[in-house]
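A.B. asks: I have a structure I would like to understand better, so I am pasting it below and will then ask my questions one at a time.
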Amino acid sequence: MILKSNSSRSKFDSEKETYPDLAIRTMDRGHACGLHLLPFKKHMYLGASSAVFSLPESNPRSNQIAFMLNDAMNQIGPVVGRASFTDYVFGFRPVSEDVFPLLGETCLKGIWYLNGTKRDGLTMSPFICSEMAKEILNGKSKLPKEFTPSRKLISYFNKEKAIQKTIIAKYNKENTHNMLLPDSNDIPGHFNKLRISIEKTYKKYQLKNFGIHPELLSLYENNMINKSLIKKK
């Protein structure tokens with residue numbers, strides 16, 4: 001979102017409010033990338049939310065904007081809250097069913113994919129576009145063969161490691177949204193409840209060693225992943 005410094009209040013303060021002059025990045029927020037604030041001459045850019053949706057939405061949800069602003073005021077400072085909201089920028093980061101990119105020719109001759117790059121598409125585009133052109137023209141490139149579009153889904157680590165990371169991701173997300181445990185503060189017990197819930201999804205898909213990426217678990221929970229694409233080793 002685009003924020004503009006609001007100097008109207010400064011007229012009544014003895015000291016002028018200072019605005020950041022360097023880029024600020026916070027830590028990961030559990031299921032979402034950290035906040036970042038980029039200062040420009042006449043405005044500030046605050047971003048970004050990161051949620052996985054099975055269907056594209058044309059505008060951001062109001063709770064996402066509210067959460068991001070509140071988080072920024074808590075982690076970056078009240079300067080965010082006193083700034084004027086002027087505009088927002090909203091777009092999509094394509095993600096595959098295993099979060100790994102789809103690069104190369106599909107099983108349909110002449111149909112090529114360069115997709116599923118998530119947050120890395122912009123920074124990686126000079127390399128992958130150049131290599132994709134070489135692959136199409138000469139049949140050779142440095143693109144990893146593991147990311148061929150017509151493939152089985154790639155495991156996220158292994159089952160146990162993925163479950164552990166999902167437990168931590170869910171707990172981080174709950175903390176970010178101000179979750180409070182009872183007075184006993186039974187974190188091991190809470191972790192066990194999360195594990196039981198997560199393992200139900202693994203059991204439903206009959207997964208023995210395949211690991212589901214934490215951000216994609218909800219898609220599996222809601223039967224939105226094709227079971228035939230999963231390697232069940």
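The values are calculated or read from the model by the stated rules, or taken from the named source; none is laboratory data. As the structure is a prediction and not an experimental result, all values here were calculated from the model. Cβ atoms come from the backbone with ideal geometry, glycine included; neighbour counts cover every protein chain shown.
A.B. asks: Scan the stretch 103-111 and tell me whether some residue there is loosely packed, with under 12 Cβ neighbours inside 10 Å, outside the structural domain of PRO214 (by TED's automatic domain parsing) and on the phi > 0 side of the Ramachandran plot. Working first, answer last.
C.D. replies: Residues of the stretch 103-111 that are loosely packed, with under 12 Cβ neighbours inside 10 Å, as a first pass: 107-111.
From the residues that got through so far, the ones that are outside the structural domain of PRO214 (by TED's automatic domain parsing) too are 107-111.
Pick out the ones that are also on the phi > 0 side of the Ramachandran plot and you get 110.
Yes, that holds for at least one residue.
A.B. asks: Assess whether LYS173 counts as being more than 28 Å from LYS231 (Cα to Cα) and of a type in the set (D, E, K, R). It would help to see each step written out before you state the result.
C.D. replies: Values: more than 28 Å from LYS231 (Cα to Cα): yes; of a type in the set (D, E, K, R): yes.
Taking the combined requirement at face value, the residue satisfies it.
A.B. asks: Please determine, by comparing only the residues of the stretch 36-65 that are touching a residue at least 40 places away in the same chain (Cβ under 8 Å) and in a strand (DSSP E or B), which one is nearest to TYR19 (Cα to Cα). Break it down stepwise before answering.
C.D. replies: Initially, the stretch 36-65 is screened for residues touching a residue at least 40 places away in the same chain (Cβ under 8 Å), giving 37, 43-47, 50, 52, 54, 65.
In the following step, the residues that additionally are in a strand (DSSP E or B) were identified as 37, 44-47.
Details: LEU37: 11, MET44: 9, TYR45: 12, LEU46: 13, GLY47: 17 Å.
My answer is MET44.
A.B. asks: Of the residues in the stretch 178-208, how many are touching a helix residue (DSSP H, G or I) at 6+ places or on another chain (Cβ under 9 Å), within 28 Å of PHE100 (Cβ to Cβ) and exposed (fewer than 13 other Cβ atoms within 10 Å of the Cβ)?
C.D. replies: Result for the stretch 178-208: 4.
A.B. asks: Identify all residues within the stretch 167-209 that are polar (S, T, N, Q), outside any helix (DSSP H, G or I) and in contact with a Lys or Arg (Cβ under 9 Å, 6 or more places away or on another chain); write none if there are none. Spell out the reasoning first.
C.D. replies: First, pick out the residues of the stretch 167-209 that are polar (S, T, N, Q): 172, 175-176, 178, 184-185, 192, 197, 201, 206, 209.
Subset that is outside any helix (DSSP H, G or I): 178, 184-185, 206, 209.
If the condition is that a residue be polar (S, T, N, Q), outside any helix (DSSP H, G or I) and in contact with a Lys or Arg (Cβ under 9 Å, 6 or more places away or on another chain), then GLN206, ASN209 are the ones that fit.
A.B. asks: Identify, from the list PHE157, PHE127, the residue that is in contact (Cβ under 8 Å) with a residue 40 or more places away in the chain and aromatic (Phe, Trp, Tyr).
C.D. replies: Values: PHE127 fails: in contact (Cβ under 8 Å) with a residue 40 or more places away in the chain.
Answer to the selection: PHE157.
For (1) over 24 Å from ALA51 (Cα atoms); (2) of a type in the set (Phe, Trp, Tyr); (3) at pLDDT below 95, each residue gets a yes or a no:
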{"site": "GLN164", "(1), (2), (3)": "no, no, no"}
{"site": "ASN185", "(1), (2), (3)": "yes, no, yes"}
{"site": "PHE191", "(1), (2), (3)": "no, yes, no"}
{"site": "ILE196", "(1), (2), (3)": "no, no, no"}
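A.B. asks: Could you list, in sequence order, the residues of the stretch 169-194 that are of a type in the set (Val, Ile, Thr) and closer than 19 Å to LEU35 by Cα?
C.D. replies: Just the residues of the stretch 169-194 that are of a type in the set (Val, Ile, Thr), to begin with: 176, 187.
THR176 - this is the single residue of the stretch 169-194 that is of a type in the set (Val, Ile, Thr) and closer than 19 Å to LEU35 by Cα.
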